[in-house]
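Taking it in order: structure first as structure tokens, then the write-up.
Just so it is clear, none of the values below were taken in a lab; they were calculated from the coordinates. Values in this document were obtained by computation on a predicted structure and should not be read as measured data. No Cβ is skipped: glycine too gets one built from the backbone with ideal geometry, and neighbour counts run over all protein chains shown.
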Amino acid sequence: MKSTALVNMKAEHFDGQPDLFNHGESIVLNRCRGLPLAISTIGGFLATRPRTVQEWANFNENFYSELDRKPSLKILKTSLMSHCKELPYHLKLCFLYLSIFCEDQNMIRRKCLIRRWIAEGYLGDKNAEENGEVYLADFINKSIIQPSPPVDVGGVATTRYCLVHSLLREISLAQSMEEKFCFVLGSRSSSSQTCDNVRHLSISSSWRRDANDLNAVGDISRVRSLTVCGKWEPALELLEKMRMLRVLDLAGTGELLRDHHIEPHLDKLIHLKYLSLRGCRNIFWLTHSLDNLWGLETLDVRGTSMIILPETIVNLEKLQYLRAGQIPKDEQPTDCMGSAEPKTNTSLTIGGVMTGVIKNSFRPEPKDSGEASKRDTFNKTFFYDGHLLNSKRDKHGIEVPKGTGKLNSLETLGILDVGARKNISTELVTLTKLRKLGVTGLKRENNQQFFSAIAMLTLLQSLSIRSEGKPGLQECLGGKSSSPPTDIRSLKLYGNLITLPPWILSLQNLAKLKLRSTRLGPDALYVLGKLPCLAILRLLSNSIEGEDLRFNFQNGTFRSLVLLQLDGLPDLQSIEFEQGATPNLELLQVENCTDIEKHGCSGLSFLPSLKEVWLKAGHCYGKNFMDDLKKQLKGNPNRSILKDN
């Protein structure tokens, strides 16, 4: 998104030179990335250079070498290095760890970073997750890490992704390689150094997969983490030598990773604490020897093609974080840390008896690449298509085996398919440490059993419930005993609902609410406005419907609301904020609501805390509509910014 300041700069200083502006924009946004010291230093340097397209293009292309060659720019790198070296010890390791994430991993999932810190032992044994959030906040405050906006909205962390400033990442990588902390194959420095005796190894997609590089790797027996982006196969030889691995992150391999690549190796990594295959769409099955990973704490197989977990997973008694199932379209990332859901081959139909046999079948090790290919075809046919088509299950969820209740260290579980087999909900009762739970497959037949189970989960703070199609969630959430724990802070409801459940107002601590495809009536907005702590409200595709739909935020409603997102509401005709409504609203996002300009958006001048208004595909709106918004925001005491993408 382009900031207003940059757009104004274009108008005032770049008339007739759009290419020059484009290079300037790239330098400011992609190189400086909001770092004040970088902006002032590089801006001062460019002011002394000829204002030509070729000059700025060359600087942008040779950015890092220019920093080392130009005396006036060396001070920038020196200052940043000094700033990083002064970090306290508990942040120093976490800072060096940032160099592990390859440049082609533009955005890092916040949860991924914290879970990896935990696996490495950087956050202590007690309150590790909370410590991770504090460390991350420290890095954000120091401008070392940049969050994907918004962040800390109304005291509630909302950012899902973050990125490391490119300059600071270079400094982190240089220090890491100097101290033999981390080595990145494919980086600018890797060609002149060796990764002998390093603790962390990262393979970027830019690495040419050169066999000579592998031979020169040196001793990697002490490597504690392996992170791979791009083609996987050449790393197999390396993995054979890494028996002390704590972290194995293959999320960046995407579709290139297949079952037979990973299956023969998992049972040997007995020290593994973190395993991510997120977004690897050609992974259909996990090896039966998974129980050898007795210390595994994090297992992320979301975005793979797995629909059932092996029975041996119930032996992972230290498992704290388990994420599986397909990633919904509205949650799919745009970076290489995950990928879109796989396409289902609907041409196969397997009988129920065959599916049961397949689950427990003997699967011999492949002897060659041809046998490996047959293995992959076998897994895809029977562990994905056959099982899925036979039971008509929701592809967003995963079936867990009997005995999952033994995983009583679990704090995060999702997306669990509670409709995959009978009595699956009863095993939730023993998972008393659960803080975050996501389920799909909820039906009228099993909803009482489900809610009775989660009523015992007193620590539960985040709940996501999905039921696609018809009847969806209708008649699933309305029973007298159908109520989640009252301490829920975050609630997501996906699926046909029609009316809000009667217990919604009992959630007095609810801070985040996300609705999609719920098909609620206009009156739902009045009910939600009474929630005292609601800070973030996301109303997505077809969440609220009605002819001539108009949102009127009345005086005294939504007292705590800080972020309001309206996305994919084709019936929405207008938004009106009365004086005294949403007094704490800071960010208004309007996306894919193209009919809203018929009656406009009014009352923005009544919002004393408003900082930004985002319009996705703002070019689709008429000039009068846009001019009216700008006029309202101009009179806002907080000097709100209108952004369009």
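Under the classification rounded if a/c is under 1.5, otherwise prolate if a/b is larger than b/c and oblate if not, where does the range 546-645 fall, given a ≥ b ≥ c as square roots of the Cα gyration tensor eigenvalues? Before the final figure, lay out the partial values.
Numbers: a/c = 1.62, a/b = 1.19, b/c = 1.36.
It comes out oblate by the Cα gyration axes.
Ordered by residue, what ³J(HN,Hα) values in Hz, to whole numbers, does the range 549-558 give under the Karplus form 6.51 cos²θ - 1.76 cosθ + 1.60, where θ = phi - 60° and Gly and Pro are x?
Rounded to whole hertz, the list is 5, 9, 9, 10, 8, 7, 3, x, 9, 6.
Of Lys126/Lys436; Lys329/Lys616; Lys273/Lys329; Lys329/Lys514; Lys318/Lys443, which ones are farther than 20 Å apart at the Cα? All intermediate terms of the calculation are to be shown ahead of the outcome.
Numbers: Lys126/Lys436 18 Å; Lys329/Lys616 17 Å; Lys273/Lys329 29 Å; Lys329/Lys514 14 Å; Lys318/Lys443 31 Å.
Lys273/Lys329; Lys318/Lys443, as the Cα separations exceed 20 Å there.
Using a 7 Å offset from the Cα along the Cα-to-Cβ direction at both Asn60 and Glu133, what is the distance between the two label points in nm, to one decimal?
Here the modelled spin labels are 3.9 nm apart.
Using amide H atoms built in the peptide plane, which far-off residues or other-chain residues are under 5 Å from Ser560 H to H?
The list, which skips near neighbours in sequence, is Leu534.
Counting other beta carbons within 10 Å of each Cβ, put Thr426, Thr287 in order, fewest first.
The most exposed by this proxy come first: Thr426, Thr287.
Given the pairs Lys492/Lys630; Lys470/Lys530; Lys85/Lys512; Lys492/Lys611, which are separated by over 31 angstrom at their Cα positions?
Values: Lys492/Lys630 33 Å; Lys470/Lys530 29 Å; Lys85/Lys512 38 Å; Lys492/Lys611 26 Å.
Beyond 31 Å between Cα atoms: Lys492/Lys630; Lys85/Lys512.
How much FRET efficiency would the formula 1/(1 + (r/R0)^6) give for Thr486 and Thr52, where r is the Cβ-Cβ distance and R0 is 51 Å, rounded to 0.05? Write out the running numbers ahead of the final one.
Values: r = 65 Å, r/R0 = 1.27.
The computed FRET efficiency comes out at 0.20.
List every residue whose amide H lies under 5 Å from the amide H of Ile145, counting only residues 5 or more places away in sequence or on a different chain, with H placed 1.01 Å from N in the peptide plane.
Here the answer is Ile140, since their amide H atoms fall under 5 Å of that of Ile145.
Which whole-Hz couplings ³J(HN,Hα) result when phi for each residue of the range 404-418 is put into the Karplus expression 6.51 cos²θ - 1.76 cosθ + 1.60, θ = phi - 60°, listed in order with x for Gly and Pro?
After applying 6.51 cos²θ - 1.76 cosθ + 1.60, I find 4, x, 6, 7, 7, 9, 4, 10, 10, 9, x, 9, 7, 8, 7 Hz.
Amide H neighbours of Cys182 under 5 Å, at least 5 residues apart or on other chains, H built in the peptide plane: list them.
Residues meeting the amide H criterion: Met177, Arg199, His200.
Excluding Leu96 itself, calculate the net charge of residues whose Cβ lies under 12 Å from the Cβ of Leu96, where each Lys or Arg counts +1 and each Asp or Glu counts -1.
Values: positive: Lys85, Lys92, Arg169, Lys180, Arg199; negative: Glu120, Glu178, Glu179.
Spelling it out: positives minus negatives among the neighbours equals +2.
Ordered by residue, what ³J(HN,Hα) values in Hz, to whole numbers, does the range 312-329 give under the Karplus form 6.51 cos²θ - 1.76 cosθ + 1.60, where θ = phi - 60° and Gly and Pro are x?
Rounded to whole hertz, the list is 5, 5, 5, 8, 7, 6, 9, 5, 10, 9, 10, 10, 8, x, 6, 8, x, 4.
Sort 137-144, 465-472 for me by packing, meaning the mean count of neighbouring Cβ atoms within 10 Å per residue, highest on top. Please list the in-between numbers first.
Working: 137-144: 16.6, 465-472: 18.4.
Put in order of decreasing packing, that is 465-472, 137-144.
Taking other Cβ within 10 Å of each residue's Cβ, how do Tyr526, Tyr621, Tyr321 sort, fewest first?
Taking fewest neighbouring Cβ atoms as first place, the list is Tyr526, Tyr621, Tyr321.
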